[in-house]
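Input: a single structure, listed below in structure tokens.
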């Protein structure tokens, strides 16, 4: 289960920890993409954290602010979700993997110039997040927290886990983070990000078969 999905639900039955289970044939029967998260609701199976969040918000009739019924307000949430998948998510994932996961967890060094380029791209995405989406609002799409804020904050915690000081030089983003944490509750916020924030303390991956599978699946994050 990934952080946005954990933030979006209180019931956590059947959670899958990041121990390589998603590469097994058994998990492929649930999600042929062999990725987490995946949701199984009776005979219905759904992949991708954003799709899962929206499904849960509709099924359980979550408070309107999460995914508003108002056409234009909902469109703002959709706009952010469409942008982040190939922009902020990509930058944050590559920053975490290049700065920490490749050298520490997989024992694969990353050229300094490649990391510098990725961090510069991340800085540009953060500026766009502030200028285009947050602006002077309390939350990304207006005065109330939404699914967009959940997805955004969890992406940002990935480079934070690798030691990127992305909030220290951006007081507007730092204040927004505090509002998001207050809105979801400090304990749930910390629980949802506990694994990723402890990633730097993980021992190197020793299983050679799993290590090679993982390397092959994440090589795109080096570019």
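The values are calculated or read from the model by the stated rules, or taken from the named source; none is laboratory data. Small disclaimer: the values here were computed from a predicted structure and weren't measured. Note: ideal-geometry Cβ built from the backbone for every residue, glycine included; neighbour counts use all protein chains shown.
Answer with yes or no whether residue 148 is within 24 Å of residue 190 (Cα to Cα) and surrounded by 14 or more Cβ atoms within 10 Å (Cβ to Cβ).
Values: within 24 Å of residue 190 (Cα to Cα): yes; surrounded by 14 or more Cβ atoms within 10 Å (Cβ to Cβ): yes.
In short, yes.
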Exercise. Does any residue of region 146-158 turn out to be more than 18 Å from residue 87 (Cβ to Cβ) and out of contact with any strand residue (DSSP E or B) (no Cβ under 9 Å at 6 or more places or on another chain)?
Worked result: no
For this session: Taking residue 68 as meeting all but one of (1) in a helix (DSSP H, G or I); (2) modelled with pLDDT of 90 or more, write down the number of the exception.
Result: (1)
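Looking at residue 60, is it over 23 Å from residue 223 (Cα atoms) and either at pLDDT below 85 or within 21 Å of the chain's Cα centre (by Cα) (or both)? Don't jump to the end; show me each part of the working.
Values: over 23 Å from residue 223 (Cα atoms): yes; either at pLDDT below 85 or within 21 Å of the chain's Cα centre (by Cα) (or both): no.
No.
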Problem set entry | Check on residue 47, surrounded by 15 or more Cβ atoms within 10 Å (Cβ to Cβ), at pLDDT 70 or above and under 30 Å from residue 204 (Cβ atoms) | yes
For this session: Test residue 188 against the criterion of being modelled with pLDDT under 90 and either under 17 Å from the mean Cα position of the chain (by Cα) or surrounded by 15 or more Cβ atoms within 10 Å (Cβ to Cβ) (or both), and give yes or no.
Result: no
For this session: Would you mind telling me which numbered condition in (1) surrounded by 14 or more Cβ atoms within 10 Å (Cβ to Cβ); (2) at pLDDT below 85 residue 26 fails?
Result: (1)
Problem set entry | residue 167, sole failed condition from (1) outside any helix (DSSP H, G or I); (2) modelled with pLDDT under 95 | (2)
For this session: Can you confirm whether region 97-109 contains a residue that is within 19 Å of residue 172 (Cα to Cα) and either modelled with pLDDT under 95 or part of a helix (DSSP H, G or I) (or both)?
Result: no
Problem set entry | Residue identified as in the same structural domain as residue 100 (by TED's automatic domain parsing), touching a helix residue (DSSP H, G or I) at 6+ places or on another chain (Cβ under 6 Å) and at negative phi among 165, 198, 137, 172 | 172
